[in-house]
1. Please sort through the DSSP H helices of the chain and keep those with an alpha-carbon extent of at least 24 Å along the long axis and a Kyte-Doolittle average not below 0.0.
2. Take the Cα radius of gyration of the range 267-415 and divide it by 2.2 N^0.38 Å, with N its residue count; two decimals is plenty.
3. Where in the range 187-240 are there trypsin sites (Lys or Arg not before Pro) that are in a DSSP coil and have at most 15 other Cβ atoms within 10 angstrom of their Cβ?
4. Looking at the range 400-440, which chymotrypsin sites (Phe, Trp or Tyr not before Pro) are DSSP coil and have at most 16 other C-beta atoms within 10 Å of their C-beta?
5. Given 25 °C and 0.890 mPa s, how large is the Stokes-Einstein diffusion coefficient of the range 1-117 in µm²/s, with Rh as the Kirkwood radius over Cα pairs?
6. Give the cross-link partners of Lys466 among the lysines, using a straight C-alpha distance below 30 Å as the criterion and excluding same-chain residues fewer than 8 apart.
7. Have a look at Trp269, Pro257, Leu239 and report the one farthest towards the positive end of the charge dipole of the range 237-293, computed about the Cα centre with Cβ charges (Lys/Arg +1, Asp/Glu -1).
8. What is the dipole size for the range 162-256, taken about its Cα centre, with +1 at each Lys and Arg Cβ and -1 at each Asp and Glu Cβ, in debye to the nearest 20?
Amino acid sequence: MSSSVMKVVIVGGGSAGWMTAVALASLLSKKQVEVVVVESPDVASVGVGEATIPEIKLFNDLVGIDEIDFVINCQATYKLGIEFTNWGQKGHSYMHAFGSLGTPLDNLPFYQYWQRLYLEEQNLDLNDFSVCAQAARQNRFMPPTLGKNTPLSQLRYAYHFDAGLYSDFLKRISLERGVSLIKQHVVGVDCDIQSGDISHLRLKDGQCVSGDLFIDCTGMNALLIGKALSVKYIDWRSLLPCDSAVTVASSVLSDLPPYTRSTAHCSGWQWQIPLRHRTGNGHVYCSQFIDDVYAQQILLSHVEGECISSPKLIKFTTGRREKFWYKNCVAIGLSSGFLEPLESTSIHMIQESIFRLLDLFPAKDETGLYQHRIEREKYNQLLANKFESIRDFIIMHYFANSRKDSPFWSYCQQLPIPESLKEKIMLYQSSSRIYRDSHDLFSEEGWISVMHGQGIKAKNCHPIAKNRSISVVKKQLLSIKSVIDKTVSYMPKHKDFLQRRIE
């Protein structure tokens, strides 16, 4: 290797490490980078990132992964959204589905016309106007079509998959594309006295591994960014009080629903993620209101089918690093921060970190690695904005509840929500308007689905939506619903589609 080739050392495997490795190996030439992964044989992955959002397709496509190979190798199923039960009120459920709602009218978002009817007490279900929500409810699935005049063109999907199998799948591809693997435990990190940069890793077998850029994928342990470089962790437990989770695997669901289930309990919530070889279950809760033993009992009493693993306890602190790129170290994955998996964003934040690193990738010449202060600052700003926008979206689920059956939910109603979230809620309440900032991950349709589902009500709609008579608006909306109903009725069952897909 010439001195101008950058050596990137990724510490840690799992989804974060191998997604980073396959991206660098696929999108940067060997003349630019040498990629080395140091993976400990002694550290197990947390393994809760089994549900995703549609952006994962962009990552897989960009690194050249065939969808059928992915589905087969990772025991994947398709996902059209998340069903939330008992969140706004006990006994109530709603769907945060992917894709569009209805069809725009008069260059105005569809939901403004739906809001017009809702305010007139024409209580049409918002999810009736989503092809993804309707298909999910009926356990149906097929890929979107290219035509613009069919609801199927509005369909968006993601996946449920086995995170461990996904890591193994990406590992094999990475090694085929020239990534080097060192299977050893890191016992020490040496930093340069003058610059403070990481210079070497010391391994259990006595090896020393040098590098130009180090990627910390060591999970909550944060061996590089936290322990070696002492970058502060910003604690968000005052905003998101859940700090524990217990997980267990169970037998395959017979109907393989194409959506994630999130069911609120007395002091937290439970996920259900259907895979082809098992079902992932977990109970996220606040230990201030419930002990670990009772939390496990709640999980096990609500698992469908037979448990096929022992319960596993995970403790976490919601928050993020003060800096994600510091000196010559970039934290990706749980080492950079943790947001509970309520909206399936953990894998996405790995992807977002990788894409932003590629956007701002540093250069090296014969004199060494440039400091790239401006690039580091921009990277840190972009990631902070993304973390905080997702944080606000998750806070809204907790804050906007009307439950009166437990101290935990009453406590959540009093959460000191950020001004950024307060502004969004007030604007929606005033006139049903939703404005997305440039760093927002979730669409307008996503915001209104959760706001309305959680019981946040708008007092008015856009003035343009009042130009048409209420009877004309209702007729148009019922026509849209009829087209969606017919489209969904032609879609195959998700389980049948999957079977044909992998045969």
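1. Details: long enough: 373-399 (38 Å, -0.54); 470-490 (31 Å, 0.48).
Going by DSSP H runs, the hits are 470-490.
2. Numbers: Rg = 19.5 Å, N = 149, 2.2 N^0.38 = 14.7 Å.
So the range 267-415 has a normalised radius of gyration of 1.33.
3. Numbers: sites: Arg202, Lys204, Lys227, Lys232, Arg237; in loops: Lys204, Lys232, Arg237.
Answer by residue number: Lys204, Lys232, Arg237.
4. Working: sites: Phe408, Trp409, Tyr411, Tyr428, Tyr435; in loops: Tyr435.
Here the sparse-neighbourhood loop sites are Tyr435.
5. It diffuses with D of about 132 µm²/s by this estimate.
6. Here the lysines satisfying the reach criterion relative to Lys466 are Lys148, Lys422, Lys424, Lys457, Lys474, Lys475, Lys481, Lys486.
7. The Cα lying farthest towards the positive end belongs to Pro257.
8. On the way: 9 positive and 12 negative charges, 33 e Å.
The calculation lands at about 160 debye.
No value in this document is a laboratory result; all are computed from the given coordinates. Fair warning: this is a prediction, and the values are worked out from it, not measured in the lab. A quick note on method: Cβ atoms are made from the backbone with ideal geometry, for glycine too, and the neighbour counts reach across all protein chains shown.
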